[in-house]
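See below for the structure under consideration.
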Amino acid sequence: MTLALGLTLGAIVGLLIVSAFFSGSETALTAASRARMHALEEDGSARAGLVNRLLDSRERLIGALLLGNNLVNIAASALTTSLFLSVFGEAGVAYATLVMTALVVVFAEVLPKTYAILNADKMALAVAPALKVLVALLAPVTAALQFLVRHTLRLFGTNIDDDTEVLSAHEEIRGAIELHHKEGGVVKGDRDMLGGVLDLRDLDVSDIMIHRTKMEAIDADLPSEEIIDRALQSSHTRLPLWKGEREEIVGILHARVLFKALRDVDGDSSKIDVMALATPPWFVPDTTTLKAQLAAFLKRKAHFAIVVDEYGEVMGLLTLEDIIEEIVGDITDETDVAATDAQPQADGSLIVEGLVPIRDVNRLMDWDLPDEEATTVAGLVIHEAQAIPNPGQTFNFHGFRFEVLRRHRNRITRLRVVPPDEDADEAEAKDAKPSANSAS
């Protein structure tokens with residue numbers, strides 16, 4: 001009797017240890033860093049390679065671990081119930097339930113999972129060989145379970161394919177960047193740069209182009225001397241040439257080509273045929289993604305494109321520098337004029353030109369203004385107000401206060417944006433202004 005009791009207790013303890021192994025292994029494998037495992041595998045670590053292969057078939061891995069964990073927990077509970085029945089009689093069922101609940105929660109769940117979370121990579125490497133054997137042994141059973149689960153879910157309208165991904169790689173990377181930024185591991189500049197790379201596939205050229213109303217271009221019908229003077233006075237090295245209407249772009253004049261031509265004629269601009277120096281414009285659709293446009297720039301070895309809409313109307317221009325600035329931020333040199341389009345104020349508000357993109361404002365001020373329905377700050381106000389407001393009007397949208405400072409014809413040209421955390425008393429004082437009409 002004593003030997004049998006000892007063997008039963010030993011079996012229960014052994015099953016709890018195995019249960020702890022399964023629970024800890026599941027947590028370690030799911031929390032392990034895929035990037036670190038990949039780097040270790042590249043350095044020749046065989047165990048890291050095992051971890052990566054196990055994670056590649058994540059569903060089979062989790063299925064095997066859950067199956068094994070439940071089997072040992074049920075077996076341990078059955079043995080404990082049998083043991084307590086023989087010792088305490090019918091009351092043993094209640095005692096066994098209480099004891100096994102405490103033992104499983106503490107020693108088979110919380111303790112191993114806590115250790116696994118704190119040492120995920122280390123533990124994943126340690127348990128990988130044993131899990132490889134376990135997954136292989138339970139493969140037929142887990143395959144049957146996967147088949148049953150998939151077809152059961154289909155009855156409720158949920159279709160799970162083998163290649164279904166709950167979270168894309170881009171979203172995982174973006175989430176990791178945001179998490180490290182909040183924890184202080186990644187500074188704002190690095191976060192913006194890394195996020196800019198990920199955003200290239202989600203943004204169109206129309207989101208960052210220089211709008212035609214701000215596009216510097218020269219009338220090709222002007223005398224050569226005047227065209228050359230304007231080109232030399234410009235801070236840009238490439239300038240569109242138009243004929244008839246500003247939207248009729250007929251060529252692109254490059255300053256370097258112009259300088260070479262002036263040297264060849266000893267500076268006599270009257271002898272230069274400007275249109276002969278211009279290159280044909282490259283037109284790109286406004287729906288082209290920045291990722292595709294960047295690849296096109298590199299393939300054509302070009303730096304400049306004219307953006308057109310579906311009707312062929314010119315919407316603006318885009319340069320290679322504009323795309324690079326989406327990643328690294330503004331690039332300025334000695335010829336650039338100091339930017340006054342967005343001016344942060346001491347009180348935390350922002351004085352901004354209407355045509356400034358919302359993305360630039362969010363990046364500059366670390367705000368989260370929505371840019372799904374409008375590209376510019378003025379566009380956001382018009383979209384939300386469903387009208388073209390007058391100077392002095394104020395609006396409250398998305399927790400921010402927008403005050404229209406200046407308007408030219410039908411365009412909002414200057415605004416003041418106040419973030420949600422501005423002093424409430426100051427906001428109330430602004431509401432009391434007789435010249436401002438507020439809407440929300």
Subject >> Residue, most open to solvent (accessible area, probe 1.4 Å), within the range 391-440, restricted to residues that are at pLDDT below 85 and assigned to a strand (DSSP E or B) >> reply: S438
**OP:** Check A11, A4, A32, A46 and return the single one that is among the aliphatic types (A, V, I, L, M) and surrounded by 16 or more Cβ atoms within 10 Å (Cβ to Cβ).
**Re:** A32
**OP:** Scan G68, G24, G63, G89 and give me the residue that is over 21 Å from Y115 (Cα atoms) and surrounded by 15 or more Cβ atoms within 10 Å (Cβ to Cβ).
**Re:** G63
**OP:** Could you check, for the range 45-54, whether at least one of its residues is without any contact (Cβ under 8 Å) to a residue 12 or more places away in the chain, more than 26 Å from A139 (Cβ to Cβ) and of a type in the set (A, V, I, L, M)?
**Re:** no
Original post:
Out of curiosity, is L145 surrounded by 15 or more Cβ atoms within 10 Å (Cβ to Cβ), modelled with pLDDT under 90 and touching a helix residue (DSSP H, G or I) at 6+ places or on another chain (Cβ under 6 Å)?
Top reply: yes
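Give the residues of the range 29-65 that are over 18 Å from M123 (Cβ atoms) and assigned to a helix (DSSP H, G or I), sorted by residue number.
E42, D56, E59, R60, G63
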Original post:
Any idea which residue in the range 311-342 is modelled with the highest pLDDT, counting only those that are part of a helix (DSSP H, G or I) and open to solvent by less than 20 Å² (accessible area, probe 1.4 Å)?
Top reply: I323
Original post:
Which of the residues belonging to the range 75-94 are of a type in the set (S, T, Y) and over 29 Å from E26 (Cβ atoms)?
Top reply: S86
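The values are calculated or read from the model by the stated rules, or taken from the named source; none is laboratory data. Given the structure is predicted, the values throughout are model-derived calculations rather than measurements. Positions of Cβ are backbone-derived with ideal geometry, glycine not excepted, and every protein chain shown enters the neighbour counts. What goes into the accessible areas is simple: the full protein's heavy atoms, side chains included, and nothing from ligands, DNA or RNA. Shrake-Rupley method; radii C 1.70, N 1.55, O 1.52, S 1.80 Å.
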